[in-house]
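The values are calculated or read from the model by the stated rules, or taken from the named source; none is laboratory data. Predicted model only: the values in this text are computed from it and were never measured. No Cβ is skipped: glycine too gets one built from the backbone with ideal geometry, and neighbour counts run over all protein chains shown.
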Amino acid sequence: SDQLLIKGGKIVNDDQSFYADIYVEDGLIRQIGENLTVPGDMKTIDAYGQLVLPGGIDVHTRLQTPVMGLSPADDFYQGTRAALAGGTTMIIDHVCPDAGTSLVAAYERWRGSAGGQACCDYSLHVDIPRWHESLREELEALVKDKGVNSFLVFMAYKDKLQCTDAQMYEIFCIIRDLGAIAQVHAENGDIIDEEQKRLLELGITGPEGHVLSRPEEVEAEAVYRAITIAKQANCPLYVTKVMSKGAADVLAQAKRKGTVVYGEPITASLGTDGSHYWSKNWAKAAAFVTSPPISPDPSTPEHLSSLLSCGDLQVAGSAHCTFTTAQKAVGKDNFTLIPEGTNGIEERMSIIWEKCVVSGKMDENGFVAVTSTNAAKIFNCYPRKGRIALGADADLVLWNPKATRIISAKTHNLNVEYNIFEGTECHGAPTVVISQGRVVLEDGNLCVTQGSGRFIPRKTFPDFVYKRIKARNRLAEIHGVPRGLYDGPVHEVLTSTRAMAPTSAARIAPCAGKAPAPAVRNLHQSGFSLSGSQADDHIARRTAQKIMAPPGGRSNITSLS
Amino acid sequence: TTAQTPRQKYGGMFASVEGAYENKTIDFDAYSVGKKGSRTPRSGSRHDMLDGGDNYSETASDISEVSGSVISSPGDREDKTPGVEIKYPMGKELLQGQDNGQSDRLLIKGGRIINDDHSFYADLYLEDGLIKQIGENLIVPGGVKTIEANGRMVIPGGIDVNTYLQKPCHGMTAVDDFYQGTKAALAGGTTMIIDHVLPEPGSSLLTSFEKWHEAADTKSCCDYSLHVDISSWYDGIREELEILVQDKGVNSFQVYMAYKDLYQMSDSQLYEAFTFLKSLGAVILVHAENGDLIAQEQKRILEMGITGPEGHALSRPEELEAEAVFRAITIASRINCPVYITKVMSKSAADIIALARKKGPLVFGEPITASLGTDGTHYWSKNWAKAAAFVTSPPLSPDPTTPDHLNSLLACGDLQVTGSGHCPYSTAQKAIGKDNFTMIPEGVNGIEERMTVVWDKAVATGKMDESQFVAVTSTNAAKIFNLYPRKGRIAVGSDADVVIWDPDKVKTITAKSHKSAVEYNIFEGMECHGAPLVVISQGKIVFEDGNLHVNKGMGRFIPRKPFPEYLYQRIKIRNKVGGLQGVSRGMYDGPVYEIPATPKYATPAPSTKCSPAKNQPPPIRNLHQSNFSLSGAQIDDNNPRRTGHRIVAPPGGRSNITSLG
């Protein structure tokens, strides 16, 4: 029976709430309203007193990212199962290609395993592990044929994944031309590398070294730099994993200045803090290791949830990437070897409800926006996802705001021993979860089918993001000043400077190619040559200083016009 | 009486000076290149400079230059305060005290002495280049040359912390060398400069330092000191830096975040350099601009066909400056070292500094004359030569509210020091870049105008008082660079570098009368209130009534010691407080996942990281080293996936350490 009637619930979208029944058929929402005319025998769900929400979209998961050859403990099956249990009906996973392999090949590998395992709809981001010549073609292929519209670059992980500023600029320009979203893992890898060396030399090897080597200034610095680069390239920017107050404030300020930038706090940064890195229990401390680290400042979750409520941050992800204690123990004598990642896919919705809605910072519509609608808009699957409307996918959650549960590793649907939210009491929980029109969670029982998740391709140029970018592109054209040719004296330059000559020659080349008006004699080119070695190359000082008077005498071009 | 007089305020807080903005452009015909090429009085004086035979036998009319500045005539103000008079003990023929040693003795009577903390009326007696006595009714030897200050301000001579009087660029040097530049400095009330030694990449810091030292020693007319720029981070530089600090009296070094492939340093190198310079107790100067992005923007703008000076400003937007400032501060605060940002040119960069200071890091910002006095709209001038004259890096901000903002921050202490970044090139030299803005040699004038511009923009508008003026033009610089109290203060025992300042003097800055050798003055036409009346350097009157009396090479090199207290006291305490400590916990003895060696992904970096030569002495059994090895090739290296995952159960069974704690 693919037909389903949800009666008596309060439908909550990001803009309004209203009471109505929903009729679902073939995985789509067919009717919304009161007193619907529907076929006779079908499953009816009683939703009195509950909220009906669009299913959550978890924009950041890593269910297959290998770290040092270790695969995460939760694969696509286990991970999506946990997602559904928490009220999330779509995930966007990160494809992280090994350096050296092609992006498309890695994408296909992810599609293969997700297609066979995922229990809910999914889509894929692609990470760019390093800059190479044919990157543009690869990105173009992914965008045009593979339904990917978001790419992540790393500013951390020196010598592995890290991009230089110049590379980021180039990548951002490509991404802008393709109409995709540039995502960035923002941490200053150079500083982290040095700090790690220093801490290891000090003999600090435990998980606290992880947070000490990655202080929040380093995150804020990278966010600032990423925004600067994106603004120069006029490319929309999406900062993944906003973990600290400093980084969030930089984002909020940039938004205030008009930059098109989005920030994604994750379950861990909203729900807990980094004081646990100093736990005496190594295994517990290691469970919190993720990058950027969870801030040790205990007021961070408060601050981030406030910014999420007021719209300075827009989307909440989970960055779910779990490793068992045995896997984490690879780094037991060296914190830099601890595989990074925390859980959060299952807890995401409940934690946000608890921190934002229960505390009165946000209403239920705001909750829908940050858990689902904004993500659908930014990544261009709106209104198919992220809204309860006729024709939208039947990904629905019945949310009981009165339910209470305590998060614990004993009851969670994950493969790991530790839950970083252990003991957190959450008000509000999903009672029924519907994915693709089928009930997957009811009465506490999960009923999922391995491999039932579909790949959701995403188109380029999401309106939500690119309308502004396009307008700015038109405005941002810059013009030179039309002035007469300078015909005053020109100091004769010697080619003696070893350092300057090559770069300047390279720089001058493009403009010499299309010199604007070669009708007049180009004194610059005829007067001297920049190439070739001279006899007096080794003399750094000027040996001659000839002032050339142009033929025909001086003109008055240098006087005030 | 020594009672403090009420300080005079002109206009309300932040009131701009009437007409200060309107008169920016004026009568350029008068100093156009064409005219400049012909013989002018100034080129005659340059001739003097070249033959180098300056000595005491030259009379004032011979070498001194009559300033053409528009000074309100003494008659105008005689009704208010009488002008400064200089009385010579044996009549006028003893000008500059030829032939006898009495020239070194000088009494300044009836001045109001201004230090950065307070001001008071007192007489000042100078001898042998030092301040010997301060007070009333001083007992001085007879026959002393006396200056009647008549209640005017007596301030410590200015210190210009940022000049480039010998900067090489495309194989040429700036038109103002140490002689020309220091002459201009003295004429503007600056009695000490700190010049930047800029070694060509590849040449050693030491030899470059010696080259600069020699040039300055023979040419400089005022005391000077030297910063050394680190143009590349090479092997063996540590030893050279150490020698410079220990033996050569250099305590400040500049690093560059811009000029890709030339001077630019990566973040790792910056971290390394900062760490090392901190251990030497040096002041770290940073040229903050994001060089990577500038290179990209330059390429793009040249491709668009924009080749004029406006391309310079377009390719270096102020965000890139702010970004680099942010990054430099982040790195410095990680290392817990002081950082000094040279040339703060934009509002956003200044705001970043102000914000950072509120959070605790030791950051200092130096706006320069150009950023305080004018703005970058001139890059769009139709006159190429004029637009090119403004080219400097970071560029002047095109936002016309920038000078006002920077002056406000200077007044409230968020910025501390003013420099000039003086490095002018003639129009012919600038014209090397006439078809490509990236080739235009960078640098603007400002050494002579600095004191006047700060007075006019900040004191005359009521943003700061005279004491703060002394602080930002002299005292703060002396403290940061460890010259205090020898310089930067009027106190017994300090160097006799003193300026008698006239706040009422109105002067129009113009290239016609300035001492620099360039054709364009970027402050052309600016009417400034406040100017020096008499400048005394090393106890000698070098500037009075518009006339300069200087000797080439009379400037001394002032060595500076490391670990200036003004910076390093706090750093030392923070070092003690901020020590890092690990958590002492029981050994983890749970299961450990066996890691297959997949070298492609992560092996090289961690293996170098965890095997430093000075590994910690292992008092405890190092399980990490005994359990598995990360190095060496394995049979399954080519297989990126895990091939096995064995859980190692430790002998003796599991402990409860993995349970919830």
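A few notes on this one:
- Selection status of residue B:315, crowded, with 20+ Cβ neighbours inside 10 Å, hydroxyl-bearing (Ser, Thr, Tyr) and more than 7 Å from chain A (Cβ to nearest Cβ): yes
- Residues within the stretch B:435-454 that are touching a helix residue (DSSP H, G or I) at 6+ places or on another chain (Cβ under 7 Å) and surrounded by fewer than 24 Cβ atoms within 10 Å (Cβ to Cβ), tallied: 4
- Test: residue in the stretch A:280-298 that is of a type in the set (D, E, K, R) and either free of Cβ contacts under 8 Å to residues at least 12 places away in the same chain or crowded, with 24+ Cβ neighbours inside 10 Å (or both): yes
- Condition broken by residue A:70, with the remaining ones in (1) touching a residue at least 40 places away in the same chain (Cβ under 8 Å); (2) within 13 Å of chain B (Cβ to nearest Cβ); (3) among the aliphatic types (A, V, I, L, M); (4) farther than 27 Å from residue A:411 by Cβ satisfied: (4)
- The criterion of being within 14 Å of chain A (Cβ to nearest Cβ) and buried (at least 24 other Cβ atoms within 10 Å of the Cβ) does not hold for residue B:420.
- The residue pairs whose first member lies in the stretch A:451-480 and is within 14 Å of chain B (Cβ to nearest Cβ), whose second member is of a type in the set (Asp, Glu), and whose beta carbons are closer than 7 Å, counting only pairs six or more residues apart or on different chains, are A:480/B:310.
- Selection status of residue A:271, free of Cβ contacts under 8 Å to residues at least 60 places away in the same chain and away from chain B (no Cβ under 14 Å): no
- Selection count, the stretch B:491-505, where residues are touching an Asp or Glu at 6+ places or on another chain (Cβ under 9 Å), buried (at least 19 other Cβ atoms within 10 Å of the Cβ) and either at pLDDT below 90 or not in a loop (DSSP other than H, G, I, E, B) (or both): 3
- Restricting attention to the stretch B:318-329 and to residues that are facing another protein chain (nearest Cβ under 7 Å) and charged (D, E, K, R), the residue that is surrounded by the fewest Cβ atoms within 10 Å (Cβ to Cβ) turns out to be B:319.
- Matching residues, the stretch B:523-546, being in a loop (DSSP other than H, G, I, E, B) and modelled with pLDDT of 90 or more: B:523, B:524, B:525, B:526, B:538, B:539
Residues checked against (1) in contact with a helix residue (DSSP H, G or I) (Cβ under 6 Å, 6 or more places away or on another chain); (2) part of a loop (DSSP other than H, G, I, E, B); (3) free of Cβ contacts under 8 Å to residues at least 60 places away in the same chain:
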{"position": "A:81", "(1), (2), (3)": "no, no, no"}
{"position": "A:112", "(1), (2), (3)": "no, no, yes"}
{"position": "A:123", "(1), (2), (3)": "no, no, no"}
{"position": "A:133", "(1), (2), (3)": "no, yes, yes"}
{"position": "A:136", "(1), (2), (3)": "yes, no, yes"}
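- Condition check for residue A:416: more than 14 Å from chain B (Cβ to nearest Cβ), crowded, with 16+ Cβ neighbours inside 10 Å and either part of a strand (DSSP E or B) or of a type in the set (A, V, I, L, M, F, W, C) (or both): no
- Residue that is nearest to the other protein chains (Cβ to nearest Cβ), among those in the stretch B:145-166 that are in a loop (DSSP other than H, G, I, E, B) and in contact with a Phe, Trp or Tyr (Cβ under 9 Å, 6 or more places away or on another chain): B:166
- Of all residues assigned to the stretch B:400-415, none qualifies as being more than 11 Å from chain A (Cβ to nearest Cβ), touching a Phe, Trp or Tyr at 6+ places or on another chain (Cβ under 7 Å) and either under 22 Å from residue A:481 (Cα atoms) or not polar (S, T, N, Q) (or both).
- Residues that are in contact (Cβ under 8 Å) with a residue 40 or more places away in the chain and in a helix (DSSP H, G or I) within the stretch B:256-275 comprise B:267, B:270, B:271, B:273, B:274, B:275, listed in sequence order.
- Entry remark, the stretch B:423-434: residues being more than 17 Å from residue B:302 (Cβ to Cβ), within 9 Å of chain A (Cβ to nearest Cβ) and buried (at least 24 other Cβ atoms within 10 Å of the Cβ) number 6 in total.
- Condition met for residue A:98 (away from every other protein chain (no Cβ under 13 Å) and among the acidic types (Asp, Glu)): no
- So residue A:445, is it within 14 Å of another protein chain (Cβ to nearest Cβ) and under 30 Å from residue A:327 (Cα atoms): no
- Only one entry in B:484, B:520 is in a loop (DSSP other than H, G, I, E, B), crowded, with 24+ Cβ neighbours inside 10 Å and among the aromatic types (Phe, Trp, Tyr), namely B:520.
- Out of B:341, B:353, B:368, B:335, sole residue that is of a type outside the set (Phe, Trp, Tyr) and within 10 Å of another protein chain (Cβ to nearest Cβ): B:335
- Listed by first and then second residue, the pairs linking a residue in the stretch A:325-336 that is within 7 Å of chain B (Cβ to nearest Cβ) to a residue that is in a helix (DSSP H, G or I) and among the β-branched types (Val, Ile, Thr), with Cβ atoms under 6 Å apart and 6 or more places separating them unless they lie on different chains, are A:325/B:658.
- Number of the condition not met by residue A:18 [criteria: (1) among the hydrophobic types (A, V, I, L, M, F, W, C); (2) in a loop (DSSP other than H, G, I, E, B); (3) surrounded by fewer than 18 Cβ atoms within 10 Å (Cβ to Cβ)]: (2)
- If the condition is being touching a His at 6+ places or on another chain (Cβ under 7 Å) and surrounded by fewer than 17 Cβ atoms within 10 Å (Cβ to Cβ), then the stretch B:525-575 contributes only B:557.
- Being under 20 Å from residue A:181 (Cα atoms), modelled with pLDDT of 95 or more, part of a helix (DSSP H, G or I) and touching a strand residue (DSSP E or B) at 6+ places or on another chain (Cβ under 7 Å) is a description that does not apply to residue A:254.
- Exclusive hit being assigned to a loop (DSSP other than H, G, I, E, B) and either buried (at least 24 other Cβ atoms within 10 Å of the Cβ) or not basic (Lys, Arg) (or both), set B:471, B:511, B:458, B:477: B:511
- If you go through the stretch A:159-215 and keep only what is farther than 18 Å from residue B:579 by Cβ and within 7 Å of chain B (Cβ to nearest Cβ), you end up with A:159, A:160, A:164, A:165, A:166, A:169, A:188, A:190, A:191, A:193.
- Residue count, the stretch B:271-303 (criterion: more than 8 Å from chain A (Cβ to nearest Cβ) and not polar (S, T, N, Q)): 18
- Flag if residue B:334 is surrounded by fewer than 24 Cβ atoms within 10 Å (Cβ to Cβ), in contact with a strand residue (DSSP E or B) (Cβ under 7 Å, 6 or more places away or on another chain) and not acidic (Asp, Glu): no
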